[in-house]
Amino acid sequence: MSDGLIFNETLYPGVQVSYSCKQILYQEKTEHQDLVLFSNPVFGKVLMLDGVTQVTTADEFIYHEMMSHVPILAHGAARNVLIVGGGDCGLAEEVLKHKSVESLVQVEIDASVVEFSKQHFADFNQGVLEDTRFELVIADGMKFAAETDRRFDVVIVDSTDPHGPGAVLFSEEFYRNIHRMLTPGGVLVTQNGVPFLQKEELVTSVERFSRIFKDAAAYIAAIPTYFGGHMTLGWASDNQDLRRQAISVLEERFKAAGFETRYYTPEVHAAAFALPKFILDAVEEGRRKA
Ligand code: SAM
C-alpha cells in the first residue's frame, strides 16, 4: 500500500495539483517517459506521464467522447480515422463505437503505455485491441505523418503536452503532413491544453493551422483533472462549414450511430464551439499572426 503518498502535478510553474495515492498500480521509466499509474479515492485510476495527468477512470469519458464524436459526427462520412498518441486506448474505444468507421489506425510512440493500459484501463478500452478494424502502430507520430501514403477522413492527436516526445506533434511540419494525408473535407482535432493556463499553446496552434488549413478554430470541454478551466481541442479543416453543422443534422447522425454517451449530446457539440471571449480572443490572435 502507498497510503499517505502524494503525487503532485507540476505542469504549470507556480501552481500544482496534489493527488493522494491509495496504491501505486504500475510504475516504469519507459524508453520515452516516466510513467506512473496510481489509485486515488476521488478520480479512481490516475495515469501520469512525466508528472502530468493524462487520464483518469473518473473523467476520461468527457475527454474521449468530445475528441471523437465531435469530428466524426460533424464529418458525417468518416470511414478511415487516425489517432496519434492515445496510448490508454480510451479514445480508440469511442471511435470504434461508430460502425460507419471502417478502419482506425493508432500511432503511439510508447508500447509500455498500451501494454499496461490493456490490464489497468480495461474498464474503458474494452474490446479495442480485438476489433478487426483497429491497427496499432508503435512509432513516433511525427515520422509516421512524414512517411505515410495512407489517407484519413479524421485525424485526432491525443498527445501529451508540447514537452518531451509530444513536442513535435505541435509543429507546423507535423500539421502540414496531417493536411497532406487528410481526404478532401477532412478534419484534424488536437489536444490543445487549458487556455487559462496555456494560452500561448492555443495561439501557436491556431497560427500554424491558419497557415495550412482554410478553417482554424477550437472547441471546449470541461475536464476536471485538466484543471484551470475549459480545455480546448484544436480544430483544422479545409471545409469551413464542418464546425457549423446544424443541431438537427447532428441529432440525426447521433441517433443513427446508436450508442449512449455520458457527456456528448448534439446540443453540447454545437455549444462547444461557442467560445468564452478570452478563448475566442486567443484563437483570433493566432489567426492574425498567421
Ligand atoms: N489525455 C491526455 C492529455 O490530454 O494530455 C493524453 C493521453 S495519451 C496517454 C498521450 C499519449 O501521447 C501517450 O500515450 C504518449 O506516449 C503519446 N505520445 C507522446 N508523444 C508522441 C509521439 N511523438 N508520437 C506518438 N505518440 C506520442
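The values are calculated or read from the model by the stated rules, or taken from the named source; none is laboratory data. Everything quoted here is computed from the prediction, not taken from an experiment. Note that each Cβ is placed from the backbone with ideal geometry, even for glycine, and that neighbours are counted across all protein chains shown. Surface accessibility is based on the protein's heavy atoms, side chains included, excluding ligands, DNA and RNA. Shrake-Rupley method; radii C 1.70, N 1.55, O 1.52, S 1.80 Å.
Looking at Val101, Val154 in this structure, which one is within 17 Å of the chain's Cα centre (by Cα) and farther than 27 Å from Gln27 by Cα?
Numbers: Val101 fails: within 17 Å of the chain's Cα centre (by Cα).
It is Val154.
Looking at Gly234, Gly228, can you tell me which residue is at pLDDT below 95, out of contact with any Gly (no Cβ under 8 Å at 6 or more places or on another chain) and surrounded by 14 or more Cβ atoms within 10 Å (Cβ to Cβ)?
On the way: Gly234 fails: at pLDDT below 95.
Selected residue: Gly228, the only one of Gly234, Gly228 that is at pLDDT below 95, out of contact with any Gly (no Cβ under 8 Å at 6 or more places or on another chain) and surrounded by 14 or more Cβ atoms within 10 Å (Cβ to Cβ).
Can you name the residue in the stretch 115-137 that is in contact with a strand residue (DSSP E or B) (Cβ under 6 Å, 6 or more places away or on another chain) and under 17 Å from Leu35 (Cβ atoms) and, of all such residues, is nearest to the ligand (Cβ to nearest atom)?
Among them, the one singled out is Phe116.
Is it the case that the stretch 204-224 has a residue that's in the same structural domain as Glu65 (by TED's automatic domain parsing) and on the phi > 0 side of the Ramachandran plot?
Of all residues in the stretch 204-224, those in the same structural domain as Glu65 (by TED's automatic domain parsing) come to 204-224.
When the remaining residues are screened for being on the phi > 0 side of the Ramachandran plot, the result is none.
No: the stretch 204-224 contains no residue that is in the same structural domain as Glu65 (by TED's automatic domain parsing) and on the phi > 0 side of the Ramachandran plot.
Contact list please: Cβ distance under 6 Å, first residue in the stretch 7-23 and without any contact (Cβ under 8 Å) to a residue 40 or more places away in the chain, second residue in a loop (DSSP other than H, G, I, E, B) and open to solvent by less than 30 Å² (accessible area, probe 1.4 Å), pairs at least six apart or on different chains.
Cys21/Ser2; Gln23/Ser2
In the stretch 76-105, what residues are more than 12 Å from the ligand (Cβ to nearest atom) and over 17 Å from Arg150 (Cβ atoms)?
Gly76, Ala77, Glu93, Glu94, Leu96, Lys97, His98, Lys99, Ser100
Scan the strands (runs of 3 or more DSSP E) fully inside the stretch 83-159 and keep the ones with 1 or more residues being acidic (Asp, Glu) and over 19 Å from Thr190 (Cβ atoms). Explain how you work it out, then say what you get.
Details: elements: 103-108, 134-138, 152-158.
By residue number, 134-138.
How many residues are surrounded by fewer than 24 Cβ atoms within 10 Å (Cβ to Cβ) and in a helix (DSSP H, G or I) when one looks only at the stretch 32-82?
Qualifying residue count for the region: 5.
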